[in-house]
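Scroll down for the structure; my scribbles are underneath it.
The values are calculated or read from the model by the stated rules, or taken from the named source; none is laboratory data. Just so it is clear, the structure is predicted and the values come from calculations on it, not from any experiment. All Cβ positions, glycine included, derive from the backbone under ideal geometry; neighbour counts span all protein chains shown.
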Amino acid sequence: MGEVADPLFLELRPPLSAEEGIVEADRCLECGGPYAAAPCTLACPAEIDVPGFIAGIAVGDPAGAATTIFDENLLGGTCARVCPVEMLCEGACVLTHEGRRPIAIGALQRFATDWALERHQALRERQEPKGHRVAVIGAGPAGLACAGELAARGYAVTVYDEREEVGGLVRYAIAPYRQQRHPLPAEARALRALGVEFRLATRIDGPQDLRLIAQEVDAVFLGVGMGEDADVRYPGDELPGVWESLPFIEALKTGRAPRIGRKVVVIGGGNTAIDVARESVRLGADQVTIVYRRTRAEMPAYPYEIEEAEQEGVQFQWLASPARFLGTRRLESVVCQLMSLGAPDTSGRRRPQPLPDSEFALAADTAVKAIGQRARPEFTEWIATVDAATGHTADPKFFAGGDAVNGGASVVEAVAEAKRAAEAIDEWLR
């Protein structure tokens with residue numbers, strides 16, 4: 001499955017050839033056994049038998065390897081591309097304790113799942129129909145995974161999503177150098193083969209729409225994700241050249257990349273801010289600066305991604321917060337104010353406090369606010385209280401999981417929550 005050929009969007013983790021896959025798989029020590037799981041498996045939120053699927057690749061059985069992956073993660077192809085493996089399975093690889101390079105688990109998982117999806121290999125065997133219907137709201141990772149798990153158990157599952165394509169944040173809000181579009185179409189096709197029905201371009205506008213759907217089914221899973229960018233405004237927000245992070249990334253992923261000019265300022269400290277900055281480098285910006293109001297130690301982005309951004313030339317302005325955007329016909333500069341760290345806030349991190357008379361300006365042709373996302377208020381009635389172990393809400397007919405519940409985590413964590421919810425739905429309906 002080919003990705004976009006534009007060099008601006010070359011993948012961070014390119015695919016392995018068949019020979020490379022076997023050579024890499026042969027490096028695996030196949031840790032673990034009947035009495036203790038391997039560290040890489042323990043580090044995987046989806047609980048994939050990592051040594052098991054790698055052993056399949058090593059002996060030339062990619063179909064069996066893919067089966068092992070799909071047994072635990074129906075979105076194994078997508079997760080292979082976007083998982084923070086450095087913090088999970090690869091970070092736990094025992095080879096690192098010997099000063100050696102960890103097994104390229106993400107690349108091997110992609111090798112096996114791509115092989116299987118290209119050949120239309122079934123994700124699972126579908127059980128006999130149960131006679132119950134389930135509605136899934138949201139075709140993002142949590143919704144897709146829950147739908148597939150339930151369909152495999154024999155339930156009639158219908159997925160609703162306002163977008164015309166499946167994938168949610170993976171399709172529209174994860175930087176294209178991680179994943180442009182594939183393998184989402186193939187995963188959707190495989191889910192349809194499993195029995196999942198999709199009703200795309202169908203917006204659920206509020207509680208009334210949701211209640212109408214609930215009347216027609218036996219259970220509802222909410223995998224609605226987060227909403228729009230956080231509503232943080234500064235004077236000059238209306239200037240051309242000032243972007244919110246989600247529309248910016250969506251423009252890149254749908255072939256409408258903006259002209260960003262030579263100098264870009266990114267506001268925020270999370271992984272999305274890092275993605276925007278690194279994509280800006282790929283779009284040709286000469287100077288990209290991330291403005292963060294705390295220090296490097298408090299920055300929520302993954303440490304290895306901060307280092308990779310620095311290696312690509314991204315600069316960081318620590319202990320600074322934007323005050324306003326300036327320009328005549330379009331953005332020309334971002335005025336910032338220096339900060340100091342005071343007493344801890346509710347998050348436990350020290351609260352930034354502005355320093356008097358410390359304003360300075362950063363020249364900018366483009367500024368992107370990557371400050372986080374808002375919750376979706378139309379679903380608050382159900383997701384305000386969710387049992388983390390089962391995904392069950394206060395309404396017995398409703399379950400929830402993914403970013404809407406955890407506030408924004410990794411794709412594989414959304415898959416793990418969806419698996420737990422699907423099991424709870426199955427038990428509840430039976």
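Pairs linking a residue in the range 302-321 that is without any contact (Cβ under 8 Å) to a residue 40 or more places away in the chain to a residue that is in a strand (DSSP E or B) and charged (D, E, K, R), with Cβ atoms under 9 Å and 6 or more positions apart or on different chains, do not occur.
Scanning the range 327-376 for residues that are surrounded by fewer than 16 Cβ atoms within 10 Å (Cβ to Cβ), touching a residue at least 60 places away in the same chain (Cβ under 8 Å) and over 23 Å from residue 300 (Cα atoms) gives 329, 330, 363. Just one of (1) of a type in the set (A, V, I, L, M, F, W, C); (2) within 18 Å of residue 417 (Cα to Cα); (3) not in a loop (DSSP other than H, G, I, E, B) fails for residue 25. It is (2). If you go through the range 387-429 and pick out every residue that is free of Cβ contacts under 8 Å to residues at least 24 places away in the same chain and under 17 Å from residue 151 (Cβ atoms), you end up with 1.
Of the residues 89, 83, 93, the single one that is under 21 Å from residue 172 (Cβ atoms) and either in contact (Cβ under 8 Å) with a residue 24 or more places away in the chain or among the β-branched types (Val, Ile, Thr) (or both) is 83. For the range 186-212, the candidate set comprises residues that are among the small types (Gly, Ala, Ser) and closer than 13 Å to residue 139 by Cβ; within that set, the residue that is nearest to the chain's Cα centre (by Cα) is 188. In the range 344-364 there is no residue matching the filter, namely being touching a His at 6+ places or on another chain (Cβ under 9 Å) and under 30 Å from residue 43 (Cα atoms). All of (1) closer than 23 Å to residue 302 by Cα; (2) surrounded by fewer than 24 Cβ atoms within 10 Å (Cβ to Cβ); (3) in contact (Cβ under 8 Å) with a residue 60 or more places away in the chain hold for residue 29 with one exception: (1).
Contact map, the range 162-187: first residue within 17 Å of residue 110 (Cα to Cα) and not assigned by TED's automatic domain parsing to the domain that holds residue 408, second residue among the aromatic types (Phe, Trp, Tyr) and at pLDDT below 95, Cβ cut-off under 7 Å, separation 6 or more or different chains; the map is empty.
Looking across the range 147-165, the residues that are in a loop (DSSP other than H, G, I, E, B) and surrounded by fewer than 24 Cβ atoms within 10 Å (Cβ to Cβ) come down to 153, 154, 162, 163, 164, 165. The residues listed here are 209, 205; of these, the one that is in the same structural domain as residue 412 (by TED's automatic domain parsing), under 19 Å from residue 376 (Cβ atoms) and not in a helix (DSSP H, G or I) is 205. Name the residue that is surrounded by the most Cβ atoms within 10 Å (Cβ to Cβ), counting only residues in the range 284-321 that are within 19 Å of residue 251 (Cα to Cα) and modelled with pLDDT of 95 or more. Among them, the one singled out is 288. Against the list (1) outside the structural domain of residue 363 (by TED's automatic domain parsing); (2) modelled with pLDDT of 95 or more, the condition residue 247 fails is (1). Test residue 255 against the criterion of being under 21 Å from the mean Cα position of the chain (by Cα) and more than 25 Å from residue 409 (Cα to Cα), and give yes or no. Yes, satisfied. Against the definition (within 18 Å of the chain's Cα centre (by Cα), outside the structural domain of residue 308 (by TED's automatic domain parsing) and of a type in the set (Val, Ile, Thr)), how does residue 59 come out, yes or no? For residue 59, the condition - within 18 Å of the chain's Cα centre (by Cα), outside the structural domain of residue 308 (by TED's automatic domain parsing) and of a type in the set (Val, Ile, Thr) - is not met.
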